[in-house]
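Only one structure is covered here, and it is reproduced in the block below.
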Amino acid sequence: MPEVTEPYQPGTPCWIDVVAPDQAAALDFYAKVLGWEGSPGPPETGGYALCTLKGKPVAGIMSAEAMGDQPAPPPAWTTYFASADADATLQAITRNGGTTFTPAVEVMNLGRMLVAADPTGAVFGVWEAREFPGAGIANEPGALIWNELNTTDREAAADFYAAALGLETAPMEGAENYFSLSVTGRPVGGMQSLGAAGAPPEAASHWLVYFAVADTDGTAAKVAEAGGTVCKEPFDMVAGRMAVVQDSQGASFAVIAPKPMNA
């Protein structure tokens, strides 16, 4: 079901957000490309913009200027994994070779969060839900459909996510050198080595977010028209027709028109 009505199981990607040097420009870009609605939030949230699709929350956009005295992070999407206990997850992250950039902090009455990196350097977040469970719509055009780890060390990453987040790794049928990440047997994401992804030697480990679209070629054209960059032109693969793009400020993401389930 595209509309999410049940709490996210621990280990499941439940939210995404992007840091943008120009928040207003990012809001305009994603409105044009994915049909989102959103505006800067109140000062008590640092102006964090909650973006919606069909009235349901789908993603956040924050201004890099709202990150305090630290150097502004580069434009990038962050994947957040659901946790029943953010403090316990933080301990599991550090115990298994990960790095935490923040403690588990309160976000008003919405939940608790932290940001970390796995042992290969891929940055991710953790979300312990209270009043805000996460994305309210998924797997339909304009919404998140997949989260993919591209890593310098697949085996080390698999061991880490199993120990820290409970994610199970297995080869994905029909996709050479590609592995599923599952929660209680249900695939919630994928993983591959940077080499298998065709990345340049200097590429760093990272999580890539995928958005569902009805027309990959048309969406890629919208990206270019809105000032973004098409990094990998639309191509057919086992799960559908996809493209890898960057928004107008350089944050990378993928779009995919998925094959029907019975295809």
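The values are calculated or read from the model by the stated rules, or taken from the named source; none is laboratory data. Bear in mind the structure is a predicted one, so any value in this text is a computation, not a measurement. Because the Cβ atoms are built from the backbone with ideal geometry, glycine has one as well, and the counts that use them run over all protein chains shown. Note: areas computed on protein heavy atoms with side chains; ligands, DNA, RNA excluded. Shrake-Rupley method; radii C 1.70, N 1.55, O 1.52, S 1.80 Å.
Remarks
- Bridgeable aspartates and glutamates around LYS32 (alpha carbons under 17 Å apart, same-chain partners fewer than 8 residues away excluded): ASP22, GLU140, ASP215, ASP217, GLU225, ASP247.
- Working from label points 7 Å from Cα in the Cα-to-Cβ sense, the ASN109 to ASP87 distance is 2.2 nm.
- Electrostatic tally near ASP118: other residues with Cβ closer than 14 Å to its Cβ, Lys and Arg +1, Asp and Glu -1, net -2.
- Cβ-based net charge around VAL188, under 14 Å, with every Lys or Arg adding one and every Asp or Glu removing one: -2
- For ALA82, the shell of other residues with beta-carbons less than 14 Å away shows a net charge of 0, using +1 for Lys and Arg and -1 for Asp and Glu.
- In the context of the full set of protein chains, the range 156-228 has a per residue accessible area of 45 Å² (1.4 Å probe).
- Where the range 5-47 is the region considered: accessible area per residue in Å², 1.4 Å probe: 46
- In the chain, Cα pairs under 8 Å separated by at least six residues give a relative contact order of 19 percent.
- Paramagnetic reach from VAL238 (point 7 Å along Cα→Cβ, amide N under 17 Å) across the range 195-214: 195-198
- Inter-part distance where the range 117-141 and the range 190-258 are each reduced to a Cα centre, Å: 19
- Only protein atoms count toward the accessible area here, which uses a 1.4 Å probe; on the chain, the carbon and sulfur part of that area reaches 54 percent.
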